Amino acid sequence: HSTPPIRPGTRAVASTASRLGRGGGAGTGGTGGTGGAPSVHDLFASRPDRERLGSFFDYLKPGERPGAPSVVLDPQVRAMSADTAVGYRVRDETNDRVLDASDVRAVMISEHGCLDRLLEPDWCANAYRWTVWTQSCVARAFPDAADAIRAPAVIARILYRYEREILRAERPWVRRVLERDTPAKAPAVLCVAAVRSNGRSNGRARLELTDGWYGVDAALDAQLTALLRRGHPGLQIGAKVLVQGAELRGGDEPVPPLSKAAKDVHLALHFNGVRPARWDAKLGARRRRVAVPLRTLRPDGGACAFAVVYVERVYPGTWIETDKATGARTRRGDRAEALARDRWERARDAEVERIKIEGGAW
């Protein structure tokens with residue numbers, strides 16, 4: 001049987017593995033959407049009334065929830081950073097074992113039905129890094145969330161990523177930007193994963209931002225760099241920021257997010273395009289631009305993506321006429337200008353008529 005043509009309006013899903021910078025991949029089809037691969041996660045379809053993250057913690061910010069940090073937390077978890085997360089080994093108490101990124105990949109293949117040809121080691125190591133760091137942040141912030149850094153929770157989160165990105169080809173914001181399929185100026189909520197430089201050496205601070213799936217370097221302008229040096233909480237590690245109007249610099253060609261070329265590009269952030277986001281805001285792309293108050297903008301803070309202004313007063317139009325001979329200026333309102341224009345047109349018509357009469361006499 002021949003393959004039916006793709007009709008207008010049909011959503012075509014391509015393999016996602018071959019675009020991560022390592023080759024490989026498969027065609028679409030089957031229950032999982034890629035080469036007949038089985039589905040491994042229902043994407044919370046069984047929880048249609050899924051609530052915001054903050055609702056699980058009574059909408060209290062990290063540190064506001066009563067109780068001390070859980071004493072069962074590993075010292076490594078307490079000091080976990082986005083750089084050390086990839087080397088952490090999660091504990092699986094049920095099977096009395098500890099797992100690193102390669103072990104988690106093996107478990108996903110042997111126990112959860114993931115396909116070896118789709119679950120590439122680099123992808124799994126990256127997913128493991130960001131999952132472990134995110135889960136450790138939750139475990140540190142809330143005393144009763146220590147299980148977030150256990151192996152079952154970590155594996156479940158990576159299975160979720162596998163289902164969405166590999167099987168269903170749903171690319172996160174950072175990946176789409178690096179692959180030049182989404183403009184960098186599009187609004188998104190990102191998290192500060194690391195402060196690479198405070199800008200004292202070259203005048204511009206550099207951060208690593210993440211959408212929870214991939215990381216990307218970011219260079220701050222002078223205004224944001226000054227805020228970072230002053231210790232502004234909105235630019236500290238773990239803070240979430242709303243980014244609008246950013247620029248992708250360092251190259252003009254698409255780059256896979258896990259390739260070496262991705263390290264050469266960065267986001268250029270401007271003061272007028274960065275605002276603090278709620279601690280429980282969902283990371284990734286935003287559907288609409290967010291308006292910012294006019295009073296928060298700075299003339300040297302770059303372009304503003306969206307601002308709402310209110311008209312308080314409407315002034316009538318003003319016309320200014322300058323006499324070329326004397327340089328004197330005459331200001332008129334709309335009505336006075338209309339009368340002056342009418343007088344000028346009548347004088348012009350009279351002059352034209354006089355010239356015609358004098359010309360006829362010759």
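Viscosity 0.692 mPa s, temperature 37 °C: what is the translational diffusion coefficient of the range 93-133 from Stokes-Einstein with a Kirkwood Rh over Cα pairs, rounded to a whole number of µm²/s?
Details: Rh = 10.7 Å.
For these conditions, the coefficient is 307 µm²/s.
Counting only residues at least eight positions apart within a chain, or on another chain, the lysines with an alpha carbon under 24 Å from that of LYS260 are LYS185.
At R0 = 51 Å, how high is the FRET efficiency between ILE237 and VAL314 if r is their beta carbon distance? Nearest 0.05 is fine.
Values: r = 48 Å, r/R0 = 0.94.
Taking R0 as 51 Å, the efficiency between ILE237 and VAL314 is 0.60.
Placing pseudo-labels 7 Å out from each Cα toward the beta carbon at ARG343 and ARG278 gives an inter-label distance of 6.4 nm. Rounded to the nearest 20 debye, the dipole magnitude of the chain is 840 debye, with +1 charges on Lys and Arg beta carbons, -1 on Asp and Glu beta carbons, and the Cα centre as origin.
Karplus-based coupling profile of the range 94-105, in residue order and whole Hz: 4, 9, 6, 8, 10, 10, 9, 4, 5, 5, 4, 4, with θ = phi - 60° in 6.51 cos²θ - 1.76 cosθ + 1.60 and x standing for Gly or Pro. For the options TYR162, TYR214, TYR315, a Gaussian network treatment of the chain with springs between C-alpha atoms closer than 10 Å singles out TYR315 as fluctuating the most.
Please compute the volume of the convex hull spanned by the alpha-carbon atoms of the range 87-240 and report it per residue in Å³. Don't skip to the end; give the middle numbers.
Values: hull volume 20.5 nm³, N = 154.
Convex hull of Cα atoms, per residue: 133 Å³.
GNM on the chain, alpha-carbon springs under 10 angstrom: the most fluctuating residue among THR94, THR84, THR318 is THR318. Per residue, the accessible area of the range 285-362 comes to 94 Å² when a 1.4 Å probe rolls over the protein heavy atoms.
Taking 0.36 nm per intervening residue step and subtracting the Cα-Cα distance, what contour gain separates ILE109 from ASP42 on full extension?
Numbers: separation 67, 0.36 × 67 = 24.12 nm, distance 1.73 nm.
22.4 nm is the gain from fully extending ILE109 to ASP42.
Net charge in the neighbourhood of ASP83 (other residues with Cβ under 13 Å of its Cβ; Lys, Arg +1, Asp, Glu -1) is +1.
Think of it as helices only: each DSSP H run of n ≥ 4 in the chain is worth -39500 (n - 2.57), and spread over all residues that comes to -8000 deg cm²/dmol at 222 nm. Remark: the range 329-336, residue by residue, has Karplus-estimated 3J(HN,Hα) of 10, 10, 9, 9, x, 4, 5, 5 Hz, where x stands for each Gly or Pro and the curve is 6.51 cos²θ - 1.76 cosθ + 1.60 at θ = phi - 60°. Only one residue of ALA169, PHE44, ALA184 has its Cα farthest out toward the positive end of the dipole of the chain, where Lys and Arg carry +1 and Asp and Glu -1 on Cβ, and that residue is ALA184. Relative contact order (percent) for the chain, with alpha-carbon contacts under 8 angstrom and 6 or more residues of separation? 14 percent. For the range 215-336, a crude dipole built from +1 on the beta carbon of Lys and Arg and -1 on the beta carbon of Asp and Glu, taken about the Cα centre, is about 520 debye to the nearest 20. Taken one residue at a time, the phi angles of the range 260-272 give Karplus couplings (6.51, -1.76, 1.60, θ = phi - 60°) of 5, 5, 5, 6, 8, 10, 8, 8, 9, 9, 10, 4, 6 Hz. Gly and Pro are set to x.
Carbon and sulfur atoms: what percent of the 1.4 Å accessible area of the chain do they account for? Here carbon and sulfur together make up 52 percent of the probe-accessible area. Annotation: per residue accessible area for the range 47-202 equals 48 Å², rounded to a whole number [probe 1.4 Å, protein chains only].
Since only TYR315, VAL241, PHE271 are under comparison, the one whose Cα sits farthest along the positive direction of the charge dipole of the chain, derived from C-beta charges on Lys, Arg, Asp and Glu, is TYR315. Taken about its Cα centre, the range 145-233 carries a charge dipole of roughly 260 debye when the Cβ of each Lys and Arg holds +1 and the Cβ of each Asp and Glu holds -1. Enclosing the Cα atoms of the chain in their convex hull gives a volume equal to 298 cubic angstrom per residue.
Is the shape of the range 83-175 rounded, prolate or oblate, going by the alpha carbon gyration tensor and its root eigenvalues a ≥ b ≥ c, with a/c under 1.5 for rounded and a/b larger than b/c for prolate?
Working: a/c = 1.82, a/b = 1.29, b/c = 1.41.
Here the range 83-175 falls in the oblate category.
Relative contact order for the range 100-246 using alpha-carbon pairs under 8 Å, separation at least 6, rounded to a whole percent? Computed over the range 100-246, the figure is 19 percent. GNM remark for the chain: springs join alpha carbons under 10 Å apart, and the peak mean-square fluctuation among TRP319, TRP130, TRP213 falls on TRP319. Using equal-weight Cα scatterers in the Debye expression, the normalised intensity of the range 240-362 in log10 at q = 0.11, 0.20 Å⁻¹ is -0.69, -1.19.
The values are calculated or read from the model by the stated rules, or taken from the named source; none is laboratory data. Bear in mind that the values here come from a model prediction, so they are computed numbers and not experimental data. Virtual Cβ from ideal backbone geometry, glycine too; neighbours counted across all protein chains shown. Note: accessible area is taken over every heavy atom of the protein model, side chains too, but ligands, DNA and RNA are not part of it. Shrake-Rupley method; radii C 1.70, N 1.55, O 1.52, S 1.80 Å.
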